[in-house]
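Reading through the C-alpha cells given below for one structure.
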Amino acid sequence: MLYTVHHQTEYIYSTSVTLSQQVLHLTPRHTLHQACENHRLNIDPMPAEHLKDQDFFGNTSDYFSIFNPHQKLIVTSAFRVSLQSRLSLSNLQDSLAWEQVKSHIKSAPYNQNDAVIYLYSSPHVKCSTALAHYALISFTPGRPLIEATFDLTQRIYQEFEFDAEATEVSTPLEQVLFDKRGVCQDFAHLMIGCLRSLGLSCRYVSGYILTNPPEGAQRLIGADASHAWVSVYCPTYGWVDFDPTNSCIVNNEHITVAWGRDFSDISPMHGIALGGGEQTLNVSVTVTPEALINA
Amino acid sequence: MSSLFNQIPYQTEHFNELLDQYGQPRAHWTELMQSLQSESDAEMQERVNAVKRQVSENGLTYNVYGDISGLQRPWDLDVIPFILPESEWLAIETAVTQRATLLNHILLDVYGAQSTLINDTLPPELVHGHAGFLRPCHGLKYFDNVALHNYAVDIARAPNGKWWVVADRTQAPTGAGYALENRMIIARTYPDLFRDLNIRRLSGFFANMRDSLSHWGRLCAQKQQLHDASILPLSQGEQPLIVILTPGPYNETFHEQSFLAGYLGFPLVQGSDLTVRNGMVWLKTISGLKAVHVILRRLDDDFCDPLSFKPDSILGIPGLIESVKRELVVIANSLGSNLLQSGALLGYLPDLCHQFLSEPLKMPSVATWWCGEPKALEYVIANLDSLVIKPAFPQIHDYPIFGEDLNTEKRTLLIEKLCTNPQNYIAQEQVNISQTPTWSNEHYPQLHAQSVGLRVYACATPNGYVVMPGGLARVAGKKDSRVITMQRGGTSKDTWITSEHFTQSKSLLRSTTSSKDLIRGNTYLSSRMVENLYWYGRYAIRNGQISNLLRLSLRFLLEITPRIRVTEWPTIYELCTWYDLMPNKMPSTDEETLKLLKIAVFSNTQTSLSSNIQQFFHQAFNLRERLSNDHWRTVNQLSQQFITINQQPTTNETFDYLDSAVKSFSAISGFALDWMTRDEGWQFMSIGRRIERLQFLCNTIKSALTMPEDSNLDWLLQLTNNIVTYRARYSARPEWLPVLDLILLDDKNPNAVTFQITGLIKYISEISRIHATFSYEKDLAKCLTNLQSIDVDDAFCHQSDTLIEWLEETYTISEQLSDQLSLRFFSYTDTYKPNFA
C-alpha cells in the first residue's frame, strides 16, 4: 500500500515568544515492512539553527531553535510511504511460551539483544504488581507469547473506553487502570506496563494510522491523528506490533515514525518557549491512500 | 581536664580511634590530648564558644529540604578534630585514587563501548533499569577521557581497624567546601598545635581542581573556535570561563556552593543565567552573551536539560546536551555520572577492577547484596536482622531500614516490598564503625565516643586523580548512632593528617603568575547578579532609613510632650505610613502608638523592620560570594539578632535594637563604599543606593514642606543625617533656607539631593559608555539644572509650590529610571515554559 502523510503542528501564542527550542521526532523510520521517500520538514519561522541527530533508539531527531520574536510556530512534516504486509495472527502460531521468552531474553548475548533495553520501568511506565495481575489473566501458564499478547490486546480494547477528555500526558497508569478510560497513548503505556511487569520486553511505537471512514462518507482532512501502539519482542519472529486501541495485530495500515521506551523518548514535538503568554495548539494529520490521490 | 581518657570507655565491638587496646592514646593523638589536659575547663569552654561563634558569624548553614524556614540551620562543627597519621592516610589516598580511576573507566565504558555489559561483568539491569542511565549521553566524548571530574567516597573503619567503603558520590559530591571552612575555623582554634603537628594543608587540592578545570576549559575554547570562526581565542593569560551551576538558594548545600564560588573565583549561576545558542553555552551578562567553557554543576543530571531529560525542570539549560555532544562545553561531572552512585554496583567492583586496572581493588566495600539477583534476595530475606536495607538508586527516596528494628508486621511488609521490586534495593551488612572522641556540652562538658565516618574527596587532573589530604569527618547524631547524615542531625569535624615533615601544598599544574596574567575587572557579571546587586543597594538604604525613622518616631513619642510635638508629629507619622510601618489612621493614645511602633519593629508582618531585615538577608545570601567575610558577617549578625528577639521587648530594648540596626546599616554602607571593587556590579549597586536615597529625600522634604510654618526642623536634619553638619555651620535654631540649602543643593553633602543626582549621572554615564546610551542621563541632568535655577530666596521656604513640584517630578523620574534599568539589563532572566505536542 502507498500513502502520503501530512502532519502539521501549529502553536499560536498570545504574546511574542523570544526564544523557542524544540526537539522533533517526525522522521519516519525505514523498516523491513516500510519504505519512505521524500520526507520534507518545514519550520516556520525559519530556525536560526537546525541540527539532525540519531537518538539512542535509532530514531532521527531534529533540534532547532528560533531567536526572532514570533507569535506563531508551524512545523510540517510530509512524506510518501509504501507498506508491506506483515505476518498475520494465523502465521504467528509458533511462538514460545511466554515464560520461556522471559528467560530467553535474560540469557541472550548482550550485543545481539536489543530486547534488554525495553525490559524495565521508564518515565511513563512504572511496573507494578497491579499491572502484572491484570496481565496474568491473559498470560496463563505455558500460553504462547503471541496468543497471550493478542488476548491482552483484545481485553484492553473491550474493557477500556476511548475518552480524549479523561487523561493528560501526565496521568499515571494506576489511574488509567482504575478509571478504564484514556486515549491510544494511555492504552499503549498500559499494555507496555503489563508486559514489562511480567518480565517481557515491550516498546512504544509512534506513528500514524489510516482511519477508515464510515461507509459512503467523505474522508475528512485532518480528522486523523498521530497514533501510538506497542511492539513485543518474540524470539521466533522478532518484534511484533499490536494495537490495543484497535484490537488488532499491526499489518499494513500503520505507519511507523519512531520507537522508544515510552512517549517521553519520542514525543513528536517537545520543547520550551520563553514568553508567549497563553498558547493554543492545533495538530492535524492526514494520511491519504495513493489510490485516492490518483482518482 | 585531667580525666579526659576516663571519659572514653574502651569498647571491643568498635574500633577506638583514640585509645589502643591498653587504653593508652594512640601516638597521633598524644599531642592534642596532652595539650587539652594541660588546660583548664574554662579554656576549653572558651574554645568551644569560639567555634560556635565562628560558625554563626561565617553564616555556615545547611538547608533542610522542604523547610524554607530551615534556611538558616547552623552547621554543626565539633571542636575536637579527627586525626589520622600520614602513614595510614597514604593507604587511604592510594585506595581512593584507584577507586576514582576505576569508576571513571566504568563511566566511559557504560556510555561508550559497553564492554562491561558484553562481557557480563555488569548486569544490563544495572544500566538499563537504572533511572540514572541517560540515553542521550550514550556516545559522548570527553576531554582527556575524564568523565568523573570530582569524586567523593564515604568510608568507615571496621572493628579490625581496616577501612571500608560505604558509598560512592559520583554526581556532584558535596562537602569539600564545608571541609575547607571547618579547617579555617579549627585551625584558628589551635594555632600552636596546628603549626607543630605539620598538618597537611587543603589549599593545594582546590588549586588542582581549579587548574585542571582551566586546562579542560582551554581545550574546549579551542573546539569552540574551530566550531565558530567568529569566536576569538583566549588571549594570553585570559582564563576560560568556568561557572558553578547551582539549583538556587533553597538547595541544601547552597551555602557551600556560594562559599566555593567565592573561594575558587568562579561565578555562581543558575540555569536561567545560561542559554544555548549555535551549539554553545553562553552566560547572560549585562554586556551581552559570554561563551562558557566549563560548568561545574551542583544540579542533578536529569534536571540539567529539560529538552532531553525531565521536561518540567525549570532549573536546567534547554539544549545543553546539544552543546555537550559537540564537545563545546565541559560539564563536571559529566552528565549521566549519577549512574555510578548506586549501591548495587559495589558488589561488581572487584571484578571490574581486574578488568580495567588488572589489579585487585585496594579498599573493600561493606558487604553489599543487590536484591536484583535472586540468590542475593534469598540471602537478604534470610538474614534480615543483621542487614540494613537501602535504595539501590539515588532516584528512590527511602531512608535506610535496619532489619533488627522491625516487628513481625513491618518485616512482612518489607519482604513484600523487596520481592515486588527487588532491583530497587540493596542490603548492607550492619557494621560497627569506629568511634572517635567528640565534645559534648550536654549535662556537663566532656568527651564522648561517637561513631564516625569520613568523606574523602578526589579530583581529576590531566595527570590522574589527586586526593584532598583530609576530608569531612561526620559523627552520628544522638538519635541513631547507626546513621551518619547531616540531613538528620549529625556533627562534622575537621580532619587532620599529621605529617612527619612540613609539606608544601601546591597545585600540580599552576605556574607562577606573570604580569601578563593579571586580570582587571570582572567581565562575567550575570544579569541576575547585577539585578541582585541593584536591589541589595536599594534595600540596604531603605532598611537603614526605616530603622532611623522608627528610632526617631520612638524618641518623639517618649521624649517630647504631646503639646510640643503636635506640630511635627503628624508629618513624621505620615512618613511611617508611607513605608507601611503604621496604619493610616493615627492612634488616639500614646500607649496605642507605642504598641504599634513595637509591632512595626518586631512583628512578622510583611512590612515590619524585622521582616525587611530578613528579606535583606536573603538578598545578601544570593550575593554571598560577592561580599567579603566581614561584610557578610555584619549582615548575618543583624539578621540573627532579629530572629532571636524575646517575646515582649521593653522600650529600652527596642531602642537598643534600632540603634544596632542603624549602626549595622552604616557599617554595611562602609563595606559597600570601601571594601567592594568598583566594577560594573558595584555601579549597579550604587545606582540602587542613590535611587533609594533620592526617593526618600524627595518624599521626606515634600512632607516637611507641608508642616505648619513655625515647626521645628531638627527632626528633618536628624532623619536625613544632616544634623551634625548643620550645627557645625549654624548655631541658631534650624530655619528653612539654610536647611533646604544643605539638604537640596550642597553637592559636597552625601546626604543631599544634589549629591544623589550627580552620582546617578556619573554611574549611568559609565554604564552608557559600555552598553550604549541610556537616555536617563539627560533627564537627570535636566532635573539638576532645574533645581539649580530655582530662585533660592524666593522658593526655598515653607509650602513652596515650586519645590514641591520639582520634588514630585524628580521622584517620578527616579521611578522611571528604575523601571528602565529592569527592562534593559535585568529582563534576560525570564523563566521558560515547556510544551508538548
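Read-outs: derived from the displayed coordinates by stated rules, not from any lab. Small disclaimer: the values here were computed from a predicted structure and weren't measured. Quick reminder, even Gly has a Cβ in these numbers, built from the backbone with ideal geometry, and neighbours come from all protein chains shown.
Tabulated data for the structure shown
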read-out	value
Relative contact order of the range A:1-159, defined on C-alpha pairs under 8 angstrom at six or more residues apart (%)	26
Cβ-derived FRET efficiency at R0 35 Å, B:Ala367 paired with B:Gln24, nearest 0.05	0.65
Exposure proxy ranking, count of Cβ atoms within 10 Å, fewest first, for B:Met363, B:Met685	B:Met363, B:Met685
Extreme residue, positive dipole direction of the protein assembly as shown, given options B:Thr61, B:Ile645, A:His254 (C-beta unit charges)	B:Thr61
0 to 90° range, to nearest 10: angle between helix B:753-771 axis and chain B longest Cα axis	50
Amide H contacts of B:Gln450 (H built 1.01 Å from N, under 5 Å, at least 5 apart or other chain)	B:Thr436, B:Thr438
R0 of 30 Å, Cβ-Cβ distance A:Glu278-A:Asp163: FRET efficiency to nearest 0.05	0.75
Environment charge of B:Gly403, counting only residues whose C-beta is closer than 9 Å and scoring Lys/Arg +1, Asp/Glu -1	-2
Cut-off 13 Å between beta-carbons: net charge of the residues surrounding B:Phe15, Lys and Arg +1, Asp and Glu -1	-1
Extension gain, B:Ile645 back to B:Ser765 (0.36 nm per residue minus Cα-Cα distance, nm)	38.8 nm
Full-stretch length increase - B:Glu815, B:Ala42 - with 0.36 nm per residue and alpha-carbon distance subtracted	272.6 nm
At most 10 other Cβ within 10 Å, DSSP loop - trypsin sites (Lys or Arg not before Pro), the range B:372-479	B:Lys479
Part-to-part distance (alpha-carbon centres) for the range B:220-280 and the range B:179-201, which is given in Å	32
Distance violations [Cα-Cα > 27 Å] among B:Lys362/B:Lys410; A:Lys72/B:Lys223; A:Lys126/B:Lys375; A:Lys52/B:Lys223; A:Lys106/B:Lys375	B:Lys362/B:Lys410; A:Lys72/B:Lys223
Cα-projected label distance for B:Ile790 with B:Thr577, points at 7 Å along beta-carbon direction, nm	2.4
Chain A: angle of helix A:98-107 to the longest principal axis, Cα-based, in degrees nearest 10	70
Positive-pole candidate from A:Val285, B:Gln614, B:Ala187, dipole of the protein assembly as shown, charges at beta carbon	B:Ala187
Ranked by how many other beta carbons lie within 10 Å on average, peptides B:709-719, A:200-210 from highest	A:200-210, B:709-719
Spatial separation of Cα centroids for the range B:122-165 and the range B:23-44, in angstrom	40
Student exercise, chain B dipole from Lys, Arg, Asp, Glu Cβ charges, in Debye to nearest 20	1220
Dipole of the range B:756-809, positive direction: furthest Cα of B:Ser789, B:Ser800, B:Gly759, with charges on the beta-carbon	B:Gly759
Point-to-point label distance, B:Glu416-A:Gln71, nm (Cα→Cβ direction, 7 Å offset)	5.8
Averaged over B:583-589, number of beta-carbon atoms from partner chains that fall within 10 Å	0
Cα→Cβ-extended label distance, 7 Å offset, between B:Leu357 and B:Ala113, nm	1.9
Separation of alpha-carbon centers, the range A:116-156 and the range A:30-95, rounded to whole Å	28
Summed residue charge, Cβ within 13 Å of B:Leu414's Cβ, Lys/Arg positive, Asp/Glu negative	-2
Cα-centred dipole magnitude for the protein assembly as shown, charges only on beta-carbon of K, R (+1) and D, E (-1), debye, nearest 20	1700
Inter-chain shielding of A:270-277 (mean C-beta neighbours from other protein chains, 10 Å cut-off)	6
R0 of 45 Å, Cβ-Cβ distance A:Lys52-B:Ile804: FRET efficiency to nearest 0.05	0.10
